[in-house]
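Okay, so here's the structure we're looking at.
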Amino acid sequence: MVQIFYLPAVGGRQSGPAALRSKYNMVLAFVEGNAEGEAYLEALATAYRDIQDNQAKVIAVVPLPLKEAANISERLKLPYSLLADESGATTKRMLGESNHAALCVADRYGQIFYVDFAPTSASLPSVQAALSWLDHIQIQCPE
């Protein structure tokens, strides 16, 4: 099951996976606060319509202060929630010490269908992998 956590979201509220439970399938991405992380955020934004077609939403986490996360969200015009983990504590708790990025795909109940931990954002699987797993979830749970 996806662990529950809350972090400041761009836009000024606290958010996390619990906000989507029972409503939407979920793509949860932890990325670094560098160019590779931004490239992955942009790839998720490009695929967002396809993600939504699978009754899913994206939550992305960056280990940056909220102001920097807001600048990234605005510059990239992200259509999904970007959370700021300024201390990096939540990222470390969820990913462990040796990983700095992760991609997780879960159904609307928080059941994880796919997870991949990576040492860098550039090492994450393509966004197409997430879309494939969302398709699988839709076949398993076609609500």
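The values are calculated or read from the model by the stated rules, or taken from the named source; none is laboratory data. On a predicted model such as this, the values are computed, not experimentally measured, just so you know. Positions of Cβ are generated from backbone atoms using ideal geometry, with glycine treated the same way; all protein chains shown enter the neighbour counts.
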*When P63 is evaluated against the numbered criteria (1) out of contact with any strand residue (DSSP E or B) (no Cβ under 7 Å at 6 or more places or on another chain); (2) within 17 Å of I112 (Cβ to Cβ), which criterion, by number, is the only one it fails?*
(2)
*Can you name every residue in the stretch 38-71 that is within 20 Å of K23 (Cα to Cα), part of a helix (DSSP H, G or I) and β-branched (V, I, T)?*
I51
*Considering only residues of the stretch 77-102 that are basic (K, R) and either in contact with a helix residue (DSSP H, G or I) (Cβ under 6 Å, 6 or more places away or on another chain) or within 20 Å of E38 (Cα to Cα) (or both), which is modelled with the highest pLDDT?*
K77
*Looking at (1) closer than 20 Å to L64 by Cβ; (2) of a type in the set (A, V, I, L, M, F, W, C); (3) in contact with a helix residue (DSSP H, G or I) (Cβ under 7 Å, 6 or more places away or on another chain), find the lone condition where V105 falls short.*
(1)
*What are the residues in the stretch 39-58 that are surrounded by 16 or more Cβ atoms within 10 Å (Cβ to Cβ), under 12 Å from Y80 (Cβ atoms) and among the hydroxyl-bearing types (S, T, Y), if any?*
Y48
*So T46 clears everything in (1) modelled with pLDDT of 95 or more; (2) more than 22 Å from P125 (Cβ to Cβ); (3) among the β-branched types (V, I, T) except one condition, right? Which one?*
(2)
*Show the residue pairs that are 6+ apart or on different chains and have beta-carbon atoms under 6 Å apart, the first residue being within the stretch 1-28 and without any contact (Cβ under 8 Å) to a residue 12 or more places away in the chain, the second being surrounded by fewer than 21 Cβ atoms within 10 Å (Cβ to Cβ).*
Q14/Y6
*Kindly establish whether E74 is surrounded by fewer than 16 Cβ atoms within 10 Å (Cβ to Cβ) and either modelled with pLDDT of 95 or more or farther than 23 Å from K23 by Cβ (or both).*
yes
*Condition test on A102, is it touching a Phe, Trp or Tyr at 6+ places or on another chain (Cβ under 7 Å) and of a type in the set (A, V, I, L, M)?*
yes
*May I ask you to list pairs of residues, at least six apart or on different chains, whose Cβ atoms are under 6 Å apart, with the first in the stretch 113-124 being under 10 Å from L103 (Cα atoms) and the second being among the acidic types (D, E) and modelled with pLDDT of 95 or more?*
S121/E32; S121/E36
_Number of positions in the stretch 11-40 that are among the aliphatic types (A, V, I, L, M), at pLDDT 90 or above and under 26 Å from Y109 (Cβ atoms)_ = 5
*For the stretch 80-96, does any single residue satisfy the condition of being in a helix (DSSP H, G or I), farther than 20 Å from M1 by Cβ and under 15 Å from the mean Cα position of the chain (by Cα)?*
no
*Are there any pairs, at least 6 apart or on different chains, whose C-beta atoms fall under 8 Å, with the first in the stretch 126-137 and farther than 10 Å from D50 by Cα and the second among the small types (G, A, S) and assigned to a helix (DSSP H, G or I), and if so, which?*
S126/A43; V127/A43
